[in-house]
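Trainee: Got a structure for you, written out below as C-alpha cells; questions coming shortly.
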Amino acid sequence: MNYTLRTYKKEDNEALKSLMREVEWGEHYVDVHANTANDLSQDNEGEVVVAEANGNVIGFISFKHQKLNFMTFVPTLVVSTKFHNQGLGKALLKYAEEQSRKINYRGIYLDTPDTNLPARAFYKAIGFHEAYTMPHYYLDDLNGVTYIKLFNRDL
Ligand SMILES: CC(C)(COP(=O)(O)OP(=O)(O)OC[C@H]1O[C@@H](n2cnc3c(N)ncnc32)[C@H](O)[C@@H]1OP(=O)(O)O)[C@@H](O)C(=O)NCCC(=O)NCCS
C-alpha cells in the first residue's frame, strides 16, 4: 500500500469526519474527535498526523504528550475500512511512539470501549498491555478499557 504521512491541517477536518462516519462512529463521537484534532493541532504538546493515498485521507492519529506523567495519550486513531489489516494503524501508532521516545517520555496509552473487540485485538497484537477497565466510563452502559505500552518496562 502506498501512502504518505503528513501533518494535519484544519482543511482536513471534514475528511476526518467522513472517516469516522465510515467506521460507524456516532455523531457525538465524530464531533468530539474532530474538535480534539483541531485543538491538538494547535497545542504545543499535541500532534495530529494524517495518512494520504492518491490525494485522499485514509487514516489519522492524534496524540498529546502529557507532562503530568511523561506519557503520550492517544485520543483518536482511525483507518479507513478499505485499508484495514494492511499495517496502517500500526504505522500510525509507531509514529506516535517514536515522537514520544524522542522526548524521552515513558510510554503511550489510550482507551477504547470494551465492546470494540477488533480494536482491542489490534492493541494486543501490537504489544499493548490491557491495564484496567473503567466501569461506565463512556456511558452508563459502556465501559472503557485502557491499553498501555511502557518503553522501559514489561507489564
Ligand atoms: C483498530 C484499527 C485502527 C486497526 O488498524 P489497521 O490498519 O486495520 O491495523 P493493522 O493492519 O496495522 O494491524 C496491526 C496488527 O493488528 C492485528 N489486527 C488488526 N485488526 C485486528 C482484528 N480486528 N483482530 C485481530 N487482530 C487485528 C493485525 O493482524 C496486525 O497484526 P501483526 O502485526 O501481527 O500482523 C482499525 O481497525 C480502525 O480504524 N478501526 C475503526 C476505528 C477504531 O476502532 N479505532 C480505535 C478506537 S480507540
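Read-outs throughout are calculated quantities, based only on the coordinates presented, and are distinct from any laboratory measurement. Note that the structure is a prediction, hence the values are computed from the model and not measured. Here the Cβ positions follow ideal geometry from the backbone for every residue, glycine too, while neighbour counts run over all protein chains shown.
Trainee: For L68 and N35, calculate 0.36 nm times their separation in residues minus their Cα-Cα distance, and state this gained length in nm to one decimal.
Mentor: Working: separation 33, 0.36 × 33 = 11.88 nm, distance 2.23 nm.
Result for the pair: 9.7 nm of gain on full extension.
Trainee: Still on this structure, please answer the following. Does the chain come out rounded, prolate or oblate, given a ≥ b ≥ c as the square roots of the eigenvalues of its C-alpha gyration tensor, rounded meaning a/c under 1.5 and, failing that, prolate meaning a/b above b/c?
Mentor: Values: a/c = 1.38, a/b = 1.15, b/c = 1.19.
It comes out rounded by the Cα gyration axes.
Trainee: Let me spell out the model: positive unit charges on the Cβ of Lys and Arg, negative unit charges on the Cβ of Asp and Glu, origin at the Cα centre of the chain. What dipole size does that give, in debye rounded to 20?
Mentor: Charge dipole, the chain, about its Cα centre: 700 debye, nearest 20.
Trainee: Rounded, prolate or oblate, given the Cα gyration tensor of the range 69-125, with a/c below 1.5 counting as rounded?
Mentor: Oblate, since a/c reaches 1.5 and b/c is not below a/b.
Trainee: Please work out how much length the chain gains when fully extended from M134 to H84, using 0.36 nm per residue of separation minus the C-alpha to C-alpha distance, in nm with one decimal.
Mentor: Length gained between M134 and H84: 15.3 nm.
Trainee: Would you work out which of L40, V79, I126 lies farthest towards the positive end of the dipole of the chain? Charges go on Cβ: Lys and Arg +1, Asp and Glu -1.
Mentor: Checking the options against the dipole of the chain, the answer is I126.
Trainee: Hey, what do the phi angles of the range 101-118 turn into as Karplus ³J(HN,Hα) couplings, whole Hz, using 6.51/-1.76/1.60 and θ = phi - 60°, x for Gly and Pro?
Mentor: Working through the residues one at a time gives 5, 4, 9, 6, 6, 8, x, 9, 8, 6, 9, 8, x, 5, 7, 7, 5, x Hz.
Trainee: Right, here's the next one. Once label points are set 7 Å from the Cα along Cα→Cβ at both E45 and R101, what is their separation, rounded to one decimal in nm?
Mentor: Rounded to a tenth, the inter-label distance reads 2.2 nm.
Trainee: Moving to a separate point now. Can you give me the long-range amide H partners of M134? Hydrogens built in the peptide plane at 1.01 Å from N, cutoff under 5 Å, separation of 5 or more residues or another chain.
Mentor: Hits under the 5 Å cutoff: G144, V145, T146.
Trainee: Between their Cα atoms, which of K82/K124; K9/K149; K17/K149; K102/K149 are more than 24 Å away from each other?
Mentor: K9/K149; K17/K149
Trainee: Would you mind telling me which residue in G46, G59, G144 has the biggest mean-square fluctuation in a Gaussian network model of the chain, where springs connect alpha carbons within a distance under 10 angstrom?
Mentor: G144
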